[in-house]
Each structure stands twice: as C-alpha cells, then as structure tokens.
Amino acid sequence: MAKPNIDFSKLTTTLTQTPKELLDQSELKFGKYFTDHMLCIKYTEENGWEAPEIKPYGPLAIDPAAFVLNYSVEAFEGTKAYRAADGTINLFRPEKNLQRLASSSQRIMLPEFDQEQFLECIKELVRVDQRFVPNDYGYSMYIRPNFIGTEPNLNLVYSREALLYVYLSPVGPYFPRTVKLYANATEARAWPGGVGSYKLGGNYAPALRPAMDVVSKGYDQILWLLGDDHYVTEVGTMNFFIFWINADGEKELVTAPLDGIILPGVTRDSLLALARQWGEFKVSERKITMPEVVKAVEEGRMLEAFGAGTACIVCSVSEVFYQDSNIAIPVDPTDPNAVYGPLTKRLRAELLDVQYAKTPSPWNVPI
C-alpha cells in the first residue's frame, strides 16, 4: 500500500494571535525580518507524509541527536513572490526551485515529495501572509523552503524522519551597488565529483571563513577559481557572467557550464534565455579561466561582468583582486557612477518587468 504523499487538501491553518507590525520598506534588510506564519510538513518512513500545517512562526522542536544537527542532512531553496502594480502577487518560476530541491534532497537521501502539492501549500502560506509582500519595485518576499533529516540516530545511514518547512521574509535590494571580488585559487567551493550542483547547507558553512576574510580586506565576495588553470566558477553564492569581445572577435555573454560544480541557478537560466531570445550576440555556457579574463581586460575586450542569483538578481563587478593585483572591470564607460553596466542593467530591467508582471510571461505563477 502506497504511503501518503503531501496533500494540499489536508492543509490546516492556525493563525497567530500576535501579528507583527509591518516595517517601513526602507528598513528591510535581506533575511533579517520574518512574517507571522510558517508551513511545516512532517515525514516518517513508517507513515509517509503527514497533513501540512500553517502555524505561527516560531522555534522548531528538534531532538539533539537529529541527523540535521550531527551530519548536516539539510537542503534548502530560495525563491520570491512579487507584487504587481495592480496588487496581484506572483511567484517566479517556483517549479524550477522545487525541482532543484528534489534533486538536492535525493542526493542526501531525504524522501521524495509531491512537488505540485507542495507548491500549492507554499501559495497558501503566501496568501496567509500577503500583507507582508512589499509594494515597491525592487522589493519582494523571499521564500525559504528547508528540508531536514530529523531522526535521532547517530548511525550514519539515512534519516527515516524528516521535516519540510517554509518561512517568508520581505526583502529590499541586496546589492544596490557594484561589488569588488577577491579571486581565491587556494580553497575550493566545489570540485569535480562533489556536490556543488546541489543546494545543501553543507556547501555553505565551509565558505564562511574565507568569505569573511575577504570582507575584512575590503572586498565583497570571493571569485572561486578551481584547478591549476584557475577555472572561473562562481562568485560568492552567485553564478558569474562575463560579457566581452572573445578571442575570435565576437561579442559574447559567457558563464560556466553545468558540469557538476556549478549550481543550476534559476536566475542564471532565466538570463541565458532572455539573452538568447534577443539574438544580438553569442551566448555560451563554457569553461573560462582567470588568465583569459586578465588578457581580455589588458586588451580592452572586457565589456562588463556580473553575478546573478535570486537574492540580488544581478550585481555588476567593478574590480577583481588576482595574483597581488587589483584588476579594474568596466561597468559603464559613459557613467563613472553607474551601479550597473549597460547589459547588466538591461537584463535586470527585463527580468524585473517579468517578475512584477509588467511583461506577460509563463514564468509568473499567480497565487
């Protein structure tokens, strides 16, 4: 007999008795302020998935010996809800995030779940807390699904109990400026045969110390390089893009391929799709090295570079420290105070127009 899967029709909702005051949108910082409610769905191998529950936001009760606390059996996601000018609220390509969550969780042997039913539960959570979804362009509601192993067991097998939960955080612009990067070729965020293509908590904790080291030196993020040839992989927790005149004299937008090292970002995929729709220049997913980047800068072929991810959408890179030198990356030669390069600005504007439903798109999922 099949065990129960997630069933939206069984969702129950318990509303908070102490609703929070809304912050002024100018006070919103990324990941610092949370809404009134959260979604929780428990799983046991014996009984399958329990009925989903929306309840007041608050602490979780987890056994000290739970898999998540001892062996980092945890996957997570990040997507957003946007309020359009007419007041309607849309999610942006949430099915892509749930596909990635399923892939990540399967890598650490967490149970399968019905993605469509889970999405309906997330929509309801956003409806319940819709008053927190900001109104202004550039602001949004960050949605964080977490999937953790909760069985109390120190045997390194797999967790027979799990919790899938979601909470919400209204957010403002992440990087409203250009960023400076510090190229790191001595430590690795991900490597061939590893788990860099999965969104696992264990991928992020080891990067904290090197990330804070570069911040103390006056830089914003690490540009992760890999191998003796200094393969350019990712920037901080973002995918990395370069727009240049390549060695063959072609205008090209290029980012690293999904080779098992790179996280398959939803923003990454969306930007590539937009640029390919334009058909104005070459769009490539291929390996590039830091020496190639340096040569392009020296020869005046570098046009701009940017990071891309759900939190920031895009942020232009103005400088990279590499091999004892600061390498200036062009942003906008016509405006020394520009926050975005011309292509970065255009991609950001077109993507935001989709997300805020100014441009009709199948990528928007109404709640």
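Quick check: residue separation of F281 and L156 times 0.36 nm, minus the Cα distance between them. What number comes out in nm?
The span from F281 to L156 would gain 40.0 nm if fully extended.
Evaluate the charge dipole of the range 62-186 about its Cα centre and quote only its size in Debye, nearest 20, assuming +1 on the Cβ of each Lys and Arg and -1 on the Cβ of each Asp and Glu.
Rounded to the nearest 20 debye, it is 640 debye.
Taking 8 Å as the Cα distance limit and 6 or more residues as the minimum spacing, I'd like the relative contact order of the chain as a percentage.
18 percent
Please work out the Kirkwood hydrodynamic radius for the chain, using every pair of different C-alpha atoms, and report it in angstroms with one decimal place.
This gives a value of 21.8 Å.
Taking 7 Å along the Cα-to-C-beta vector as the label spot, tell me the D136-N326 distance in nanometres, rounded to one decimal.
In this crude label model, D136 to N326 measures out at 3.0 nm.
Using only Cα atoms, figure out Rg for the range 145-256 and give it as a multiple of 2.2 N^0.38 Å.
Expressed relative to 2.2 N^0.38 Å, the Cα Rg reads 1.37.
What accessible area per residue, rounded to a whole number of Å², is obtained for the chain using a probe radius of 1.4 Å? Intermediate values should be presented prior to the final figure.
Details: 16810 Å² over 367 residues.
Spelled out: the 1.4 Å probe surface of the chain, per residue, equals 46 Å².
Just from the alpha-carbon atoms, what are the Rg and Dmax of the range 82-231 in angstroms?
18.8, 53
How large is the translational diffusion coefficient of the range 246-367 in µm² per second when you combine the Kirkwood radius over alpha carbon pairs with Stokes-Einstein at 20 °C and 1.002 mPa s?
Translational D for this selection: 136 µm²/s.
Could you work out which residue, out of P176, P19, P59, moves most in a Gaussian network model of the chain, that is, has the largest mean-square fluctuation with Cα springs under 10 Å?
P59
So how much accessible area does T237 have, in Å² to the nearest 10, using a 1.4 Å probe?
We get 80 Å² for T237.
In whole percent, and with a 1.4 Å probe on the protein chains, what portion of the accessible area of the range 125-205 is carbon and sulfur?
Its accessible area is 49 percent carbon and sulfur atoms.
Report the full-extension gain for the segment K20 to K217: residue separation times 0.36 nm, less the Cα-Cα distance, to one decimal in nm.
67.1 nm
Assuming a viscosity of 0.692 mPa s and a temperature of 37 °C, what translational diffusion coefficient in µm² per second does Stokes-Einstein assign to the range 222-307, Rh being the Kirkwood radius over Cα pairs?
249 µm²/s
Using all C-alpha to C-alpha distances in the range 17-64, build P(r) with 5 Å bins and read off the rounded percent in each one.
Going out from 0 Å in 5 Å bins, the range 17-64 shows 5, 14, 19, 19, 17, 11, 8, 5, 2, 1 percent.
How big is the charge dipole of the chain about its Cα centre, in debye rounded to the nearest 20, if each Lys and Arg gets +1 on its Cβ and each Asp and Glu gets -1 on its Cβ?
400 debye
Pairs K199/K345; K55/K345; K29/K251: which exceed 30 Å Cα-Cα?
K55/K345; K29/K251
Measure off 7 Å from each Cα along the Cα-to-Cβ vector at E27 and E50, then give the distance between these two points in nanometres to one decimal.
3.5 nm
From the residues T186, V214, N246, which one has its Cα farthest along the dipole of the range 182-263 in the positive direction, the dipole being from +1 and -1 charges on Cβ of Lys/Arg and Asp/Glu about the Cα centre?
So the residue furthest toward the plus end is V214.
Leaving out same-chain residues fewer than 8 places away, which lysines sit with a Cα under 23 Å from that of K3?
K42
Give me the distance between the Cα centres of the range 294-322 and the range 241-291, rounded to whole Å.
Here the answer is 12 Å between Cα centres.
Pull up the cross-link candidates among the aspartates and glutamates for K20, meaning alpha carbon to alpha carbon under 17 Å and not fewer than 8 places away within one chain.
The reachable aspartates and glutamates, counting only those whose Cα sits under 17 Å from K20, are D36, D129.
Whole-Hz ³J(HN,Hα) for each residue in the range 169-174, computed from phi via Karplus 6.51 cos²θ - 1.76 cosθ + 1.60 with θ = phi - 60°, x for glycine and proline: what do you get?
8, x, 9, x, x, 7
I'd like the orientation of helix 342-355 relative to the chain: the angle between its Cα long axis and the longest Cα principal axis, in ° from 0 to 90, rounded to 10.
Orientation of helix 342-355: about 20 degrees from the principal axis.
Between D269 and M109, what is the label-to-label distance in nm when each label sits 7 Å out along the Cα-to-Cβ direction?
2.8 nm
On a 0 to 90° scale, report how tilted helix 266-278 is relative to the longest principal axis of the chain, with both axes built from alpha carbons and the result rounded to the nearest 10.
50 degrees
Taking the Cα centre of the range 109-247 as origin and charging only Cβ (+1 Lys, Arg; -1 Asp, Glu), how large is the dipole, in debye to the nearest 20?
In debye, rounded to 20, the range 109-247 gives about 460.
Roughly how much of F321 is accessible, in Å² to the nearest 10, using a 1.4 Å probe?
F321 has an accessible surface of roughly 40 Å² with all protein chains in place.
Return the calculated 222 nm mean residue ellipticity for the chain, to the nearest 500 deg cm²/dmol, obtained by summing -39500 (n - 2.57) across DSSP H runs with n ≥ 4 and dividing by the residue count.
The helix contribution divided over the chain gives -6500 deg cm²/dmol.
Just name one of L98, L22, F8: the one whose Cα is farthest towards the positive end of the charge dipole of the chain (beta-carbon charges, Lys/Arg +1, Asp/Glu -1).
Selected residue: L22.
Please sort by residue number the GluC sites (Glu not before Pro) in the range 153-237 whose DSSP state is loop and whose Cβ has at most 16 other Cβ atoms within 10 Å.
Sparse-neighbourhood loop GluC sites (Glu not before Pro): E187.
Between the alpha-carbon centers of the range 49-117 and the range 339-367, tell me the distance in whole angstrom.
24 Å
Of A338, N135, I122, which is farthest on the positive side of the dipole of the chain, counting Cα position, with +1 on Lys and Arg Cβ, -1 on Asp and Glu Cβ, and the Cα centre as origin?
The residue sitting most towards the positive pole is N135.
Using a 1.4 angstrom probe on the protein heavy atoms only, line up D324, D220, D36 by accessible area, largest first.
So the residues, ranked largest to smallest area, are D324, D220, D36.
Taking loop as defined by DSSP and a crowding limit of 16 other beta carbons within 10 Å, which trypsin sites (Lys or Arg not before Pro) in the range 198-265 fit? Walk me through the intermediate numbers first.
Details: sites: K199, K217, K251; in loops: K199, K217.
Those satisfying the criteria are K217.
Can you check what the Kirkwood hydrodynamic radius comes to for the range 1-103, Cα pairs only, in Å to one decimal?
17.0 Å
The values are calculated or read from the model by the stated rules, or taken from the named source; none is laboratory data. A quick note: this is a predicted structure, and the numbers were derived from the prediction, not measured. Neighbour counts are summed over all protein chains in view; Cβ atoms, including those assigned to glycine, are modelled from backbone coordinates with ideal geometry. Ligands, DNA and RNA are stripped out before the accessible areas are found, and what is left, the full protein with its side chains, is counted by its heavy atoms. Shrake-Rupley method; radii C 1.70, N 1.55, O 1.52, S 1.80 Å.
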